[in-house]
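First the structure, in the form of structure tokens, and then the observations on it.
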Amino acid sequence: MKHLIDIMELTTEEIDEMIETATRIIESPEEYSERCRGKKLATLFFEPSTRTRLSFEAAMYELGGNVLGFSEAQSSSAAKGESVADTVRTVGAYADIIAMRHPKEGAPLVAAARSTVPVINAGDGGHNHPTQTLTDLLTIWREKGRLHDLTIGFCGDLKFGRTVHSLIGAMSRYENVKFILISPEELRIPEYLKKEVLDRKNMEYTETTDLEGAMADLDILYMTRVQRERFFNEQDYIRLKDSYILTPDKLKNAGEELSILHPLPRVNEISVAVDDDPRAKYFEQVLNGKFIRMALILKLLEVK
Ligand code: CP
């Protein structure tokens with residue numbers, strides 16, 4: 001039985017295979033509409049979500065399956081003190097596959113160790129978000145036609161942004177990928193990522209606070225929200241939350257081929273005036289999330 005807890009558990013061949021499946025689903029959705037007939041997905045969300053939970057649910061429905069679950073810890077027996085391990089043992093009696101989001105880093109890993117059905121990490125604290133990374137990889141593939149030879153700028157909260165951490169790991173496996181890491185000093189990427197991924201793999205990267213200065217070099221600009229829920233101190237959040245606000249004016253040095261991504265939700269970091277720019281791809285990214293999750297469900301349930 002296979003789980004998905006960390007994107008690095010997937011080989012690049014497996015990722016290619018899922019991108020291929022997602023592309024076939026986009027082209028011929030009717031061919032997939034009965035593939036999960038009789039199967040059930042449980043969405044166990046101990047933390048808020050719009051895209052991840054609903055795209056998982058839409059994915060399972062579009063594969064012909066059914067969905068059950070909860071969208072907040074308070075409406076489950078976790079509120080009475082039930083452990084994650086006991087929760088997944090229980091849910092495994094009702095569902096064929098579980099997607100779990102949890103505020104505690106490592107909770108989906110603990111769940112996978114005790115589960116009788118595949119567990120998908122749908123985001124654990126500030127740690128990882130592998131299905132967002134699959135979404136991002138499909139989006140980059142569809143926009144650029146490749147996952148190599150790219151310069152990617154990550155901008156915003158690189159300390160707590162789990163989508164950034166997962167995507168840096170995933171992209172570090174492709175040839176000639178360069179990173180420009182744009183953040184306030186206090187929100188730089190964690191040291192462990194520098195040591196274990198960037199330095200170990202001899203990745204080319206620069207750290208800067210200057211978004212406009214980096215713009216001309218970028219193939220992809222990956223904007224992120226300052227993660228209010230991960231701050232210990234509200235004053236620090238208020239001071240840092242508007243560090244970067246992407247406006248049409250700030251894009252004047254950007255190339256015509258730039259793709260602007262954001263895992264969403266956005267708060268203030270991309271002005272709505274940017275939404276009409278043809279380089280803004282974050283709502284396409286939302287849709288890609290459903291297709292790649294369909295491909296992932298098929299893979300983990302071993303449905304042909
Ligand atoms: N990108 C993402 O994880 O969005 P949600 O928090 O709405 O699921």
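The values are calculated or read from the model by the stated rules, or taken from the named source; none is laboratory data. These numbers come from a predicted model, not from an experiment. Please note: Cβ atoms are built from the backbone with ideal geometry, for glycine as well, and neighbour counts cover all protein chains shown.
List of remarks:
- Close contacts from the stretch 100-117, counting a first residue that is without any contact (Cβ under 8 Å) to a residue 60 or more places away in the chain and within 16 Å of the ligand (Cβ to nearest atom) and a second that is among the basic types (K, R) and in a helix (DSSP H, G or I), with Cβ to Cβ under 8 Å and a gap of 6+ residues or different chains, come to R101/R53.
- Pairs with Cβ under 7 Å, 6+ apart, first in the stretch 2-13 and surrounded by fewer than 19 Cβ atoms within 10 Å (Cβ to Cβ), second part of a loop (DSSP other than H, G, I, E, B): K2/P118; T12/R173
So that you can scan it fast, the table gives a plain yes or no per residue for (1) away from the ligand (no atom under 16 Å from the Cβ); (2) surrounded by fewer than 19 Cβ atoms within 10 Å (Cβ to Cβ); (3) part of a helix (DSSP H, G or I):
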| site | (1), (2), (3) |
| --- | --- |
| E207 | yes, yes, no |
| G213 | yes, yes, yes |
| D276 | yes, yes, no |
| K290 | no, no, yes |
| L298 | yes, no, yes |
| V303 | yes, yes, no |
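- The stretch 257-270 - residue that is under 13 Å from L211 (Cβ atoms) and in a loop (DSSP other than H, G, I, E, B) and, of those, farthest from the ligand (Cβ to nearest atom): L258
- Enumeration of residues in the stretch 120-166 that are in contact with a Leu (Cβ under 7 Å, 6 or more places away or on another chain), among the aromatic types (F, W, Y) and not in a helix (DSSP H, G or I): F154
- Taking the stretch 171-186 as the range and being surrounded by 22 or more Cβ atoms within 10 Å (Cβ to Cβ) and either assigned to a helix (DSSP H, G or I) or among the small types (G, A, S) (or both) as the test, the residues that pass are M171, S183.
- Unique residue being assigned to a loop (DSSP other than H, G, I, E, B) and crowded, with 19+ Cβ neighbours inside 10 Å when the list is V88, V117: V117
- Any chance I97 is closer than 19 Å to S243 by Cβ, more than 16 Å from the ligand (Cβ to nearest atom) and at pLDDT 95 or above: no
- Scanning the stretch 24-65 for residues that are within 15 Å of the ligand (Cβ to nearest atom), more than 20 Å from K104 (Cα to Cα) and touching a Lys or Arg at 6+ places or on another chain (Cβ under 9 Å) gives L54, S55, F56, A58, A59.
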